[in-house]
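The structure under discussion appears below in the form of structure tokens.
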Amino acid sequence: MPMLQFKLNGAPVSADVETPTLLVHLLRDQLGLTGTHIGCDTAQCGCCTVMVDGAAVKSCNQLALQVAGREVTTVEGLAAADGRLHPVQEAFVACHGLQCGYCTPGMVMSAAALLRHNPRPSEGEIVEALEGNLCRCTGYVNIVAAVQQAARALREGAPR
Amino acid sequence: MSAAATTSEATRFGSGQAVRRVEDPALVQGRGRFTDDVTLPGQAWLAFVRSDRAHARLRSVDVSGAKAMPGVLAVFTGGDLVAAGVKPMALPAGFKRPDGRDASAPPKQPLAHDVVRFVGEPVVAVVADSREAARAAVAAVWVDYDDLPAVTSLADALAPGAPQLWPGAPGNVLAEASYGDVAKTEAAFAAAAVRVAVEIDNQRLAASPMEPRSVLAYVEDGRLTMRLSSQMPTGVRTGLVASIPGRTVENTRVLVGDVGGGFGMKTGLYAEDVVVGWAALATGRPVKWQADRLEEFTAAVHGRDTTSRAEMALDASGKVLAMRVRSWANVGACPGAVSVAIPLVIGPWVLPSIYHVPLLQLRATAVLTNRVATGAYRGAGRPESIYIVERLMDAAAREMKLDPAELRRRNMVRPEQMPYTNAMAQVYDSGEFEKIMDQALALADWSGFAARRAEAMARGRLRGRGIATFLEWTGGLALEEDVRVDVTAEGFVELTSATMAMGQGIATSYVQLACDIFGVPPERIRVLQGDTDRANGFGSAGSRSLFTGGGAVHVASVRCIDESKKLAGEALEAPPVDIEYRAGRFNVVGTDLGIGLFELAARQPGARIVVSGTAKASGPSWPNACHVCEVEVDPATGDVQVVAHASVNDIGRIVSPVIVRGQVEGGAVQGIGQALCERVSYDAATGQLLSASFMDYALPRVDGFRGFKTAFDESVPCRTNVLGAKGVGELGTIGATPAVVNAVIDALDSAGLGREAERVQMPLTAEVVWRALRRDFASVLPATA
């Protein structure tokens, strides 16, 4: 069984991984990080979105072995070490950007990835960045509002 | 904590305040506890072999290859379950066929035994050491089918000579209900100055909560525990006990953690629940099944799927004289009671809506086809009925060349008529429908539409405007709820309820209501749900939880303070009448003698104060609203864009302003989804499900409409429950669909189609609208109509 080494939420990880294992199953089943959710089997819903080297990636659509040597951030790794919420998480709470919360980790990760490389996204750019994330509860109204608020907070120097 | 600080913090979190939800900090950090997040030591995985045929006899099922696969622990067939005494699930009861006989439907075996009746029906269950081993073994099961002729469409099922699904349902007619006086209605139509008719296909939808169903079953000391994703834990337990031999309510427990959306789809017992529970009992191992999305599309209940011809008769002044509706519901192959109750009972109750309809005649038929069963989905019958009456209102207004708002105004039930009994014998306790509509017309700038239409026309776009004024029935006929309050020595007020959170934020609302009474900070209040060992009841459906469960939170909290005053009196050696309570502390009036609420709890036997309270509403609540939508159609492509959507909603007293806005707007996007893009589609020739993934079933995405103007009017409280609240869950969905469709029809009308535009059918995709502009319409009624 191949040995996989990568950085997960800031810490080095080694894991024995069967070759066909998907990244999402490695995270959920082997590493116990159940914040990354599975909502479909066609890479459509985005519930499993994580960041790989700072870019949003659907972890159901990558083999675990593809992240060898790379840096993976899951929703569990977003808040500050002292427990303070990441500005995107904080904005989702403040703007009522979630109801059932199942799509939320994926939404939050897609939004956080967007704001990493585009601190001043237009509404159209936010919509484009979240096009691969489905939400059935909120109608997306407050999700887009949350990302806008998070962008403002980050620009105003909120710790990320 | 000082009393003053406590009070102000509690007040900020009390009812009516815009608060941050108590659910959210865990959920945004991925610390929710959904069923699939829990893994037990020694856990095995279950996977299903599902029918790839729409209708077939099982000739043989060979599981020997699967049993020999590595890691496989057990393989179960329908025959194995029957031999073990596992009983079929509940069938529709209490319904009649048109020939007067009791409704009869195929038995719902948890695993198909002799015949499969829809694509996706579970046939074999494989239990293995790992998910991968279970799935690999599924591929090694050999099922030999004898294909039978299949029908998936309503028209095909009702056609002469159609394949028959079940001997007890000749002509595939499962059940029928008739309401109203045929002769009187006919006479009213004959004498009417204006008659209009519309044909409506209220298409089949997939609820699609983002969390697929998931079940984890395990046995400890002879007790079966089922952890699953459900809105109705007690109902699931009842079904399990009825189905699995040896199970009783005492030795069966249902646990529900976070539920990733329900929308009605997670309300009942599913075949898979029984099989997973049985597998845990049979293997002695914890067993998990996690549905993939394909299984959800094929085997979780769908919503809607009702086809109707609807007529309205009016006098020359625009007063409705009568309505007549003939409808057929395609309830699928293995329906339950809910599948039939929605189109034959619950939907009809609101068919008169907010209008005074003197005569109403309805004949509704439930029809068996080789589709998965229908069930509750976001409104369950109310959206279908309201869509019919709102389409009729627009048709009549168009026919009479009247403003559609004005025609509605002339027919609304007036406030002075309350309580009002509608033509379906339903009693509305309250409602000021004209007042709500007038606010919505102002919010939507109704009178400014002509200028907006002209401006759009200059850009080459057809602009249309649609309105829906309506009410809905809530409560699920389960109007009583208990809540237990535990005040603990550790400093918490625990509220235990059999209602169930599923994303609607009910825990936050309960905390707000308890804050009102206890005056302690919200972090001191905990809501416990989802455990049949703690609380049992109807669960959460039908927009009932706040006005029943929330009522019980209020009653139990008030009782708790009253009872605790007696205990405080004993502790402080003062008569209870001299004890006052404020913000977590009891004081003897006029002294500085006092004791804290939690300190008092610590002194009680068991170190807690336990008080239960019951709230019973005397009737359902009737939330109502007016939605106004504007769309723009590109005549070159048929593309429809929603460009404005305003609503004013009467949900009585509001406990959580942020939550109810989210409910209405999120629900409205689901309603827009039905109007514009969603449709479950079966291939007529093969019975295969064509819309079996999110690539084929078009859920609204983030690029849809988000610019809602949403307002609430709290001035008309509900008179039948202690809170004065009306259920909010489905208003957005019910109102948005007809408002959007009426707007598109208005746009098509403006292109010269006139009333012919009313022949358009949902979903109004670009293709449908493009064809409509060329007067190319699909017919929807069965030939027998």
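The values are calculated or read from the model by the stated rules, or taken from the named source; none is laboratory data. What you see is a predicted model; the values in this text were computed from it and never measured. Ideal geometry is used to build each Cβ from the backbone, glycine not excepted, and the neighbour counts take in all protein chains shown. Side chains included, ligands, DNA and RNA excluded: accessible areas come from the protein's heavy atoms. Shrake-Rupley method; radii C 1.70, N 1.55, O 1.52, S 1.80 Å.
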Theoretical FRET efficiency, 1/(1+(r/R0)^6), r = Cβ-Cβ of B:ASP129 and B:ALA190, R0 56 Å, to 0.05: 0.20
Antiparallel DSSP beta bridges within the protein assembly as shown, percent to nearest 5: 80 percent
Farthest toward positive dipole pole in the protein assembly as shown [+1 Lys/Arg, -1 Asp/Glu at C-beta], among B:PHE118, B:VAL49, A:PHE6: B:PHE118
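Can you tell me the alpha carbon radius of gyration of the stretch B:170-234 divided by the globular rule-of-thumb value 2.2 N^0.38 Å? Before the final figure, lay out each step's value.
On the way: Rg = 24.3 Å, N = 65, 2.2 N^0.38 = 10.7 Å.
Scaled against compact globular proteins, the figure is 2.26.
If I take every Cα pair under 8 Å that is 6 or more residues apart in the stretch B:587-714, average their sequence separation and divide by the length, what percent do I get for the relative contact order? Each step should come with its number before you reach the end.
Details: 123 pairs, mean separation 30.2, N = 128.
It comes to 24 percent, rounded to a whole number.
Regarding the stretch B:423-469, what whole-number volume in Å³ per residue does the convex hull of its Cα atoms give?
On the way: hull volume 4.1 nm³, N = 47.
Taking only Cα atoms, the stretch B:423-469 has a hull volume of 88 Å³ per residue.
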Stokes-Einstein D for chain A, Kirkwood Rh over Cα pairs, 20 °C, 1.002 mPa s (µm²/s): 136 µm²/s
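Computed over the Cα atoms of the stretch B:589-670, what is the ratio Rg over Rh, Rh following Kirkwood? Intermediate results must be reported in sequence, preceding the final value.
Details: Rg = 25.2 Å, Rh = 18.8 Å.
Ratio of gyration radius to Kirkwood radius for the stretch B:589-670: 1.34.
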Hz values of 3J(HN,Hα) by residue in the stretch B:132-142 - Karplus curve (6.51, -1.76, 1.60), Gly and Pro given as x: 5, 5, 5, 5, 5, 6, 4, 5, 9, 7, 10
Chain A: angle of helix A:104-117 to the longest principal axis, Cα-based, in degrees nearest 10: 80 degrees
Alpha-carbon Rg with Dmax, taken over the stretch B:225-285, Å: 11.2, 33
In order through the stretch B:364-369: 3J(HN,Hα) via Karplus (6.51 cos²θ - 1.76 cosθ + 1.60), integer Hz, x for Gly, Pro: 10, 10, 9, 10, 7, 9
Area buried, chain A against chain B - accessible surface, total, 1.4 angstrom probe, square angstrom: 4100 Å²
Spatial separation of Cα centroids for the stretch A:1-43 and the stretch B:607-650, in angstrom: 40 Å
log₁₀ of I(q)/I(0) at q = 0.07 Å⁻¹ - chain B, Debye sum with one point per alpha carbon: -0.54
Orientation-averaged projected area, Cα convex hull of the stretch A:3-75 (nm²): 4.2 nm²
All-pairs alpha carbon distance profile, the stretch B:465-517, 5 Å steps from 0, percent: 4, 13, 17, 21, 15, 10, 7, 5, 3, 2, 1, 0
Kirkwood Rh in Å, taken over the stretch B:251-309 so that all alpha-carbon pairs contribute: 14.0 Å
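So what is the calculated 222 nm ellipticity per residue for chain B, using -39500 (n - 2.57) for each DSSP H run with n of 4 or more, over all residues, to the nearest 500 deg cm²/dmol? All intermediate terms of the calculation are to be shown ahead of the outcome.
Working: 21 runs with 219 residues, N = 785.
Value at 222 nm, helices only, nearest 500: -8500 deg cm²/dmol.
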Lys/Arg +1, Asp/Glu -1 at C-beta; chain B dipole; positive extreme among B:SER557, B:ALA291, B:ALA501: B:ALA291
Along principal axes, Cα extents of the stretch B:340-494, largest first, whole Å: 69, 48, 41
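Looking at the stretch B:208-348 from every direction and averaging, what is the projected area of its Cα convex hull in nm²? Please list the in-between numbers first.
Values: hull surface 44.4 nm².
For the stretch B:208-348, averaging the hull's shadow over all directions gives 11.1 nm².
Can you tell me the dipole magnitude for chain B around its Cα centre, using point charges on the Cβ only (Lys, Arg +1; Asp, Glu -1), in Debye to the nearest 20?
Numbers: 80 positive and 87 negative charges, 136 e Å.
Rounded to the nearest 20 debye, it is 660 debye.
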Minimum 10 Å² accessible area buried by the other protein chains, the stretch B:8-37 residues, probe 1.4 Å, relative to alone: B:ARG20, B:ARG21, B:ASP24, B:PRO25, B:LEU27, B:VAL28, B:GLN29, B:GLY30, B:PHE34, B:ASP36, B:ASP37
Accessible area per residue in Å² at 1.4 Å probe, computed on chain A: 38 Å²
Total charge dipole magnitude, the stretch A:3-75, about the Cα centre, Cβ charges on Lys, Arg, Asp, Glu only, Debye to nearest 20: 160 debye
Among B:754-767, B:448-461, the order from most to least packed when residues are scored by Cβ within 10 Å on average: B:754-767, B:448-461
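Give the relative contact order (percent, whole number) for chain B; include only Cα pairs under 8 Å separated by 6+ residues.
Numbers: 1994 pairs, mean separation 125.5, N = 785.
Relative contact order here is 16 percent.
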DSSP beta bridge pairing in chain A, given as percent antiparallel to the nearest 5: 85 percent
Largest-first principal axis extents, alpha carbons of the stretch B:641-712, Å: 51, 25, 16
Shape parameters for the stretch B:289-383, alpha-carbon atoms, Rg then Dmax in Å: 16.2, 61
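Can you tell me, using C-alpha contacts under 8 Å and at least 6 residues apart, the relative contact order of the stretch B:188-293 as a whole percent?
Details: 155 pairs, mean separation 37.4, N = 106.
Rounded, it is 35 percent for the stretch B:188-293.
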Alpha carbon centroid spacing (whole Å) that separates the stretch B:58-115 from the stretch B:259-288: 16 Å
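If you average 1/r over every pair of different alpha-carbon atoms in the stretch A:87-155 and take one over that average, what Kirkwood value in Å do you get? All intermediate terms of the calculation are to be shown ahead of the outcome.
Working: mean 1/r = 0.0874 Å⁻¹.
It is 11.4 Å.
Inverting the mean 1/r over all pairs of different Cα atoms, compute the Kirkwood radius of the stretch B:405-531 and quote it in Å. All intermediate terms of the calculation are to be shown ahead of the outcome.
Values: mean 1/r = 0.0511 Å⁻¹.
For the stretch B:405-531, the Kirkwood estimate is 19.6 Å.
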Computed magnitude of the charge dipole of the protein assembly as shown (debye, nearest 20; Cβ of K, R +1, Cβ of D, E -1): 720 debye
Probe 1.4 Å - accessible area at B:ILE579, Å² to nearest ten: 10 Å²
20 Å-binned pair-distance histogram of the protein assembly as shown (Cα, whole percent): 14, 45, 35, 7, 0
Amide H partners (placed H, <5 Å) of B:ASP305, local residues excluded: B:GLN203, B:ARG204, B:LEU205
Compactness of the stretch B:103-249 - radius of gyration and Dmax, Cα, Å: 22.8, 73
